[in-house]
Amino acid sequence: MDSIFGIHEQALSIRKERQNIIANNLANADTPNFKARDLDWRKEMQAAQDTLSQSINRPDLKTTHSRHIAGFAESASTQDYLKYRQPTQPALDGNTVETHIEKAQFMENAMQYQATLEFMNGRISGIRGALKGE
Amino acid sequence: MSMFPTLDISASAMHAQTVRLNTIASNMANVDSVSSNAADTYRSKQPVFKTVLDEESGLPMGGVRVDDVVESKAPLKMEYNPNHPSANEDGYIFRPNVNVVEEMANMLSASRSYETNIEVLNTSKQLLLRTIQLGK
């Protein structure tokens, strides 16, 4: 059976991850040589969708011997989509955090997180309505 | 790994900025601490920030910490003032190498960074509360 929340479950977890990354960028706004990072959202969602829709993208380990252990390749993790941000005004101390940009991204991500929560809430109330026969 | 790493990250940054504000306060308080020899003179203290690596992944994702508090290498200010009670045999007194303008700019930067982290903390708190109340 498909997950009740569909893709929103993955979306919420990726949004949470992105929240951490941007919070970390802002925390290191004064650390010399720190490089700001962000998630490649499109690739991340693509990977989440692939693992959701079919398990074909998780290639099974080929067993050619009776004593081989069955297994499958690990799906890509969030770290694989972490990219460095390109600074618009490079700083002398090698820090690439631009607080205003990070703040805007943080706010955007917070709004999207809330939107995802709304979708999930809608789903829950829909199912609750169906169960009660309203 | 913590359940809510964002809160830890912001808290670590606020702590680091507090240490920075403390060193600034110390520098400003000692701006007029004169001495009769170079060795005993107060030197401007500066914190060195460092990114904390995440224990699990080894990525720089764990916030920030104060790696060290170093003393400024800027030259001390020697002043010829033979009437000063702390003057040495040659009539010189030594003033700390604290640059007040620099310290003020540092203070503004630290307080702005502190505010930013409070904002992050507040937003994160709201999001987490809404997540806990999901489906109610």
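None of the figures in this text is laboratory data; all of them are computed from the coordinates on show. The shown structure was predicted, so the numbers you read here are calculated from the model rather than taken from an experiment. Glycine gets a Cβ as well: all are built from the backbone with ideal geometry, and neighbour counts include every protein chain shown.
List of remarks:
- Square roots of five times the Cα gyration tensor eigenvalues for region B:39-85, Å: 42, 8, 6
- Dipole of the protein assembly as shown, positive direction: furthest Cα of A:130, B:123, B:17, with charges on the beta-carbon: A:130
- Helix-only arithmetic for the protein assembly as shown: the sum of -39500 (n - 2.57) across DSSP H runs with n ≥ 4, divided by the residue total, places the mean residue ellipticity at 222 nm at -16500 deg cm²/dmol.
- Tensor-based shape of chain B (alpha-carbon gyration tensor, a/c under 1.5 rounded, otherwise prolate or oblate): prolate
- Local net charge near residue B:114, Cβ-Cβ under 12 Å (Lys/Arg +1, Asp/Glu -1): -1
- For residue A:114, neighbours were defined as the other residues whose beta-carbon sits under 14 Å from its Cβ, and their charges (Lys and Arg +1, Asp and Glu -1) total +3.
- Each other residue within a Cβ distance under 13 Å of residue B:31 adds +1 if Lys or Arg and -1 if Asp or Glu, for a net charge of +1.
- Anisotropy class of the protein assembly as shown from Cα gyration tensor, a/c 1.5 cut: prolate
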